[in-house]
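Working notes, structure below.
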Amino acid sequence: TIKAFIFDLDGVITDTAEYHFQAWKALGEELGISFGRDFNEQLKGVSREESLERILALGDRDLGLSEEEKAALCAKKNDHYKQLIEGISPKDILPGIEDLLKDVKAAGIPMAIGSASRNAPAIIEKLELNGYFDYIVDAGKVTKGKPDPETFTVAADHFGADYGSCVGVEDAHAGIEALKAAGMFAVGVGSEESLGKADYRVDSTEQLKFDAIVQRFV
Ligand code: BG6
Ligand code: MG
């Protein structure tokens, strides 16, 4: 039986993945490094600092940035991102998500947010979803980000749940890798191309149904 549900936030609960993309794209353009949605798949789920490294690597030239300059670029991206998310509200919860949260809660299964984002608590608050989540992983305290399993094992450990009895819901390639590395049941929301390793995959959040997940969980 399922002992815990651990949800990614950006791109699963709400479409903030799009805002991360817009903010990184704008920063990339300032650096003369442009990219599209294909490359962005490699940024999903990945920490702020690692995302910048991947963009710089894509640019394939040594900009010779110091750690201070990199930190300033990360701060700039985050300021832009915070502007973009300022107006989000419960109407921005993705289709099907609140029904799923209700069903999991009704089944008495604890739920956590396992996000790489240090903005996660503020977003959950804006969406008015605090009542569903028993725990939000502190991304600032996670030492190894996704695809490392730590984000998810921290949540499972909080509940005292063995990893094999946890279900994780993810929209990112790195997130599915992290769930599989943790030995958890990985539910993917998105394309077969990037989420091929998921144990169960749907194309969009409205197809996420509690009964269907329980049925496939083994
Ligand atoms: C993840 C997003 O949830 O959080 C990434 O998928 C983002 O795109 C990461 O880089 C870190 O988020 P933040 O808000 O702390 O910069
Ligand atoms: Mg995500």
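Percent of Cα pairs in the chain per distance bin of 5 Å, from zero to the largest separation: 1, 7, 16, 20, 20, 16, 10, 6, 3, 1, 0.
Checked against a 24 Å cut-off, the cross-linked pairs Lys44/Lys105; Lys44/Lys76; Lys141/Lys180; Lys77/Lys126; Lys105/Lys146; Lys82/Lys197 give Cα-Cα distances beyond that limit for Lys44/Lys105; Lys105/Lys146; Lys82/Lys197.
For Glu98, the accessible area of its heavy atoms, probed at 1.4 Å with every protein chain present, is near 70 square angstrom.
Can you give the net charge of the other residues whose Cβ lies under 11 Å from the Cβ of Pro110, counting K and R as +1 and D and E as -1?
Local charge sum for Pro110: +1.
Over all directions, what mean area does the Cα convex hull of region 25-135 project, stated in square nanometres?
Working: hull surface 32.8 nm².
Averaging across all directions leaves 8.2 nm² for the Cα convex hull.
Computed over the alpha carbons of region 1-44, Rg followed by Dmax gives 14.2, 50 Å. By its C-alpha gyration tensor, with a ≥ b ≥ c as the square roots of the eigenvalues, how is region 151-218 shaped: rounded for a/c under 1.5, else prolate for a/b larger than b/c, else oblate? Taking the square roots of the gyration eigenvalues as a ≥ b ≥ c, region 151-218 is oblate. The heavy atoms of His80 offer some 60 square angstrom of accessible surface to a 1.4 angstrom probe. Residues whose amide H comes within less than 5 Å of that of Ala4, counting only those at least five positions distant or on another chain, are Val167 (H built at 1.01 Å from N in the peptide plane).
Computed from Cα positions, the angle between helix 173-182 and the longest principal axis of the chain comes to roughly 50 degrees.
Considering only protein heavy atoms and a probe of 1.4 Å, how much of the accessible area of the chain is carbon and sulfur, as a whole percent? After summing per-atom areas, the C and S share lands at 47 percent. Rounded to the nearest 10 degrees, the inclination of helix 150-159 to the longest alpha-carbon principal axis of the chain is 30 degrees.
In terms of accessible area, using a 1.4 Å probe and ignoring ligands and nucleic acids, Arg48, Arg216, Arg201, Arg37 rank largest first as Arg37, Arg216, Arg201, Arg48.
The amide H of Ile136, built 1.01 Å from its N in the peptide plane, has Ile113 as neighbours under 5 Å, considering only residues 5 or more places off or on other chains.
Across region 1-151, the relative contact order, built from alpha-carbon pairs under 8 Å that are at least six residues apart, equals 33 percent.
Rounded to the nearest 5, what % of the DSSP beta bridges within the chain are antiparallel ones? Intermediate results must be reported in sequence, preceding the final value.
On the way: 1 of 18 bridges.
The answer is about 5 percent antiparallel.
In a fully extended conformation the segment linking Cys74 and Lys102 would gain 6.5 nm over its present Cα-Cα distance, using 0.36 nm per residue.
Spin-label model, Arg61/Val214: points 7 Å from Cα along the beta carbon direction are separated by 5.8 nm.
Could you rank Tyr200, Tyr163 by how accessible they are, 1.4 Å probe, largest area first?
Details: Tyr200 30, Tyr163 75 Å².
Result of the area sort, largest leading: Tyr163, Tyr200.
Computed from Cα positions, the angle between helix 67-85 and the longest principal axis of the chain comes to roughly 60 degrees. A 1.4 Å probe run over the chain, with the rest of the protein chains in place, finds 47 Å² accessible per residue. Within the listed set Ala57, Ala198, Ala116, the Gaussian network model of the chain (springs between alpha-carbon atoms below 10 Å) gives the highest mean-square fluctuation for Ala57. Along region 204-214 the Karplus relation, 6.51 cos²θ - 1.76 cosθ + 1.60 evaluated at θ = phi - 60°, assigns HN-Hα couplings of 8, 4, 5, 8, 7, 10, 3, 4, 5, 5, 4 Hz to successive residues, with x for each Gly and Pro.
The values are calculated or read from the model by the stated rules, or taken from the named source; none is laboratory data. From a predicted model like this one, the values you see are computed outputs, not experimental measurements. Note that we place each Cβ from the backbone using ideal geometry, even for glycine, and neighbour counts take in every protein chain shown. Accessible surface is based on the protein model in full, side chains and every heavy atom, while ligands, DNA and RNA are left aside. Shrake-Rupley method; radii C 1.70, N 1.55, O 1.52, S 1.80 Å.
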